[in-house]
Amino acid sequence: MKRNLLKTLLVAVGLAMGVTNMSAALKTVWSIDFTEIGKKYSDKTGITILTDNTINVGNTVLGTCKANEDVLDTKFLLQTGTNWLLRQSNGLYQANGGGRAFGLSDCKKGQKITIEATGAPTIGSNLTEESSGNTSVFTVQEDGAVKFNFPRYLYIKRIIVEENEISEDAKPTTYTIKFVDQSNNTIKEDIQIESHTGEEVSASESMLNSFNTDDKKYIYVSGNNTITLVEDTEQNIITLIFREAATWNYTVNTVVAGNTNKIAEGSDFEEEIAYVNYPRYYNIDGILYSHEAKGNNGYYSHSFTIKSNNQIENINGYQAVKENIVYYNEAESINGLTMSSAANSDIRCSNGKCAYNANEEAVAIVTLPAGKYRLYTSIWGSAGTEFIFKANDVKIESSYICSDKDPGTSGLFASKGYIQDYESKEFTLSTETAITLETTTDGSRGIDFIYIQRTGDATETVSVTDAGMATYCPAVALDFTGATKIAAYKASVSGNTVTLTKVSTVAAGEGVLIRALNDAATTEDIVIAAEAESNAGNDFTGVQAETTLNETDGEYTNYVLSKEGETVGFFKARPEADGGTKLAAGKAYLKVLTTNAAKGIKVIFDGETTGIGTIKDNTAKDNAIYNLNGQRVASPEKGLYIMNGKKIIVK
């Protein structure tokens, strides 16, 4: 063990010692009770700082204060430009973000200051701490003003200033606090304290605290005896004995939906407090599980005391909050994004991190199939930066509606100076599409996470005129499984006969025939499929742009669905000499070997012959009457006809 050089530190009377059982009694020299003062005012009375009575204490400007027009006390000081409130029975409330300072003027060396609050203030200047908690005790180092730092959202109830009453026959003396290990090696500088004979003293609680030095931690064991001070300083010694702390391992898991996920492992000294950031969300089989934040603005950090070696710490409390989640990732884990330097992201953000796009180009987050979606994210950092998400170069809008405090941010994903959750408006993707994040230049802002929820199917509106049928060539894959008003058919050509067979899916760019199941004008929204292969044996040819078809094309004759007179059917395209036949974009046609060509071709719907030159479906049993040429006859005369697919004789 390396032995430190013995050093002494001359400190003020009672400095950092927490002298106990003093023969000289403590007397109160000043106090203030904010719980009593608060009873005089309304529940939310503001405190105004008087800037004409300010002093600089520890590089902070403090000033006297008043409630309404009543000066509280010229000794009590508050940091200027801050927001403090007096609340009935609760005390003085600090509402500014990040905490602010308060102090006392005209303090004397060695005085003890006791602060009762709902939390512990910390030393600002000219103080040493004896104990910390809801009742904290400090000792003044030198004559003059003192300053305390006070956390946000806590109340100061009362402050008491005390000092020792020393007997007339007491003589000045000193006593020494020594810090040694169990082998009597000095492990910390001695502290020498001025006092008076006859006083009973012991080390303060703060001196018994564990401490680190030379990469080791020491834990108090024994030696804090109470002694009565004498003139001989060699007899005024308190020796505190410490042991070297062990180093222990730990593992931290999250427990979500029965699954245990290791998120951290490490080691530290026994009884140390470890801090581990954890993710806010998990996506398990499309279900989003969420863990509540531990503070008003985030705090996704788990702390625990290391009490044993190989300690296992489980973080529970995740609850299912949303379904149909198709994507989730922490921003810092998205390929192409850069870790943000945003201050306090370690406590505000999920996993303690956030990220941004520092590249010159947009970063692809995820590619999604056709469908309807909402995007969710959270943004942390100083106000003023917009994060732009796009789907196929179309900006995704936030559903956020701005308030009077942040005008002009409606519909945006923007940083606001605090952690802000966002939900996008629903957006529709008709084809497989990449979701991207545009470039931002300021690394002090970042997005925390992204998750995307599928809210429904994207659809394509398909229409049939009063002809009851139409050819169709979709630009996207379609799924007709759930269709109730229309059906899709592929075509199989054999000779001059085409057989139409119902299909459940249609590939993008594939030609089909669409039939209205009620043989009338019909419109239906058909689900866009993630993908679909072309149907085997389909002889329809689809077109995505307006196309001019001639009657013949090499060894084939082209047939288009058209209406001649009262007959709807597949008929030959016009000859090239006549300008051909224009086929609109999104339609389909049939190609038949010229050797089998006829003016019209026979069509069979799922096994039912409908006639020659028409594709009217007689299987619907509508009792319509057709002649042998397939033409519908309103008033048949004597002869042979077809009705509902069967021959009949009219006499």
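Based on the Cβ-Cβ distance from Ser430 to Lys294, what FRET efficiency comes out when R0 is 30 Å, to the nearest 0.05?
Given R0 = 30 Å and the Cβ-Cβ separation, E is 0.10.
Take Cys65, Cys354 and order them by how many other Cβ atoms sit within 10 Å, fewest up front.
Ranked by crowding around the Cβ, least crowded first: Cys65, Cys354.
Going through the cross-link list Lys485/Lys572; Lys147/Lys416; Lys395/Lys416; Lys572/Lys638; Lys485/Lys587, which pairs have a Cα-Cα distance over 25 Å in this structure?
Check vs 25 Å cut-off fails for Lys485/Lys572; Lys147/Lys416; Lys572/Lys638.
Counting Lys +1, Arg +1, Asp -1, Glu -1, what net charge surrounds Ile315 among other residues with beta carbon under 15 Å of its beta carbon?
0
Under 17 Å Cα to Cα from Lys390, which aspartates and glutamates show up? Leave out anything in the same chain fewer than 8 places away.
Glu360, Glu361, Glu423, Glu426, Glu432, Glu438
Mind jotting down the distance between the C-alpha centroids of the stretch 453-515 and the stretch 269-340, whole Å?
Comparing the Cα centres of the stretch 269-340 and the stretch 453-515, I get a distance of 48 Å.
Give me log10 I(q)/I(0) at q = 0.13, 0.16, 0.17, 0.22 Å⁻¹ for the stretch 88-217, Debye formula, one equal scatterer per alpha-carbon, no solvent.
-0.70, -0.95, -1.03, -1.31
By DSSP, what percent of the beta bridges with both residues in the stretch 167-244 are antiparallel, rounded to the nearest 5?
Antiparallel bridges: around 75 percent, rounded to the nearest 5.
Kindly rank 308-317, 583-592 from highest to lowest mean number of other beta carbons found within 10 Å of each residue.
Packing proxy ranking, top to bottom: 583-592, 308-317.
Quick one: which of 219-226, 191-198 comes out on top by average Cβ neighbours within 10 Å, and what's the full order, highest first?
191-198, 219-226
Sticking with the crude label model, points 7 Å out along Cα→Cβ, report the distance from Asp421 to Asn249 in nm, one decimal please.
About 3.8 nm, to one decimal.
Report the gain in length on full extension from Ser131 to Ile287: 0.36 nm times residue separation, minus Cα-Cα distance, nm rounded to one decimal.
Result: 51.4 nm gained on full extension.
How long are the semi-axes of the equivalent ellipsoid of the stretch 306-362, defined as square roots of 5 times the Cα gyration tensor eigenvalues? Whole Å, largest first.
Output for the stretch 306-362: semi-axes of 28, 20, 11 Å.
Given the pairs Lys27/Lys112; Lys322/Lys353; Lys188/Lys216, which span a C-alpha to C-alpha distance of over 21 angstrom in this model?
Too far apart for the 21 Å limit: Lys322/Lys353.
Rounded, prolate or oblate, given the Cα gyration tensor of the stretch 167-244, with a/c below 1.5 counting as rounded?
prolate
In the stretch 132-270, what percentage of the DSSP-assigned beta bridges are antiparallel, given to the nearest 5?
The antiparallel fraction comes to roughly 80 percent.
Please report the Cα spread of the stretch 408-550 along all three principal axes, rounded to whole Å, starting with the longest.
73, 29, 26
Gain in length, Asn212 to Asp466, computed as 0.36 nm per residue apart minus the alpha-carbon separation, to one decimal in nm? Before the final figure, lay out each step's value.
On the way: separation 254, 0.36 × 254 = 91.44 nm, distance 8.82 nm.
That works out to 82.6 nm of additional length.
Over the residues of the stretch 204-314, compute the C-alpha Rg and express it relative to 2.2 N^0.38 Å.
Taking the Cα Rg and dividing by 2.2 N^0.38 Å, one obtains 1.63.
Work through the residues other than Leu62 whose Cβ is under 12 Å from its Cβ and net out their charges, Lys, Arg +1 and Asp, Glu -1.
Net local charge, Leu62 excluded: +3.
Lys307: which aspartates and glutamates have alpha carbons under 14 Å from its alpha carbon, excluding same-chain residues fewer than 8 sequence positions away?
Answer for Lys307, where 14 Å is the Cα cut-off: Asp268, Glu270, Glu271, Glu272, listed by chain and number.
If you project the alpha carbons of the stretch 358-454 onto the principal axes, what extent comes out on each, in Å, largest first?
Per principal axis, max minus min of the Cα coordinates gives 38, 29, 19 Å.
Assuming 0.36 nm per residue, please report the length gained on full extension of the stretch Ala364 to Ile263 beyond their Cα-Cα distance.
Values: separation 101, 0.36 × 101 = 36.36 nm, distance 2.63 nm.
Going from the current span to full extension adds 33.7 nm.
Measure of size requested: the Rg and Dmax of the stretch 255-304, with Cα atoms as the atom set and Å as the unit; please supply both.
Computed over the Cα atoms of the stretch 255-304, radius of gyration and Dmax are 13.1, 40 Å.
How do the peptides 573-580, 424-431, 103-110, 633-640 rank, highest first, by the average count of neighbouring beta carbon atoms within 10 Å per residue?
My ranking of the peptides, most packed first, is 103-110, 424-431, 573-580, 633-640.
What is the fewest-to-most order of Arg243, Arg445, Arg100, Arg374 by other Cβ atoms lying within 10 Å of their Cβ?
The order, fewest Cβ neighbours first, is Arg243, Arg374, Arg100, Arg445.
What relative contact order, as a whole-number percentage, does the stretch 459-613 give when Cα pairs under 8 Å and 6 or more residues apart are counted?
With pairs under 8 Å counted, the relative contact order is 27 percent.
If you project the alpha carbons of the stretch 459-613 onto the principal axes, what extent comes out on each, in Å, largest first?
42, 30, 27
All of the numbers you see were taken from the coordinates with simple rules; none came from a lab. Every value quoted in this text rests on a predicted model; they were computed, and no experiment measured them. A quick note on method: Cβ atoms are made from the backbone with ideal geometry, for glycine too, and the neighbour counts reach across all protein chains shown.
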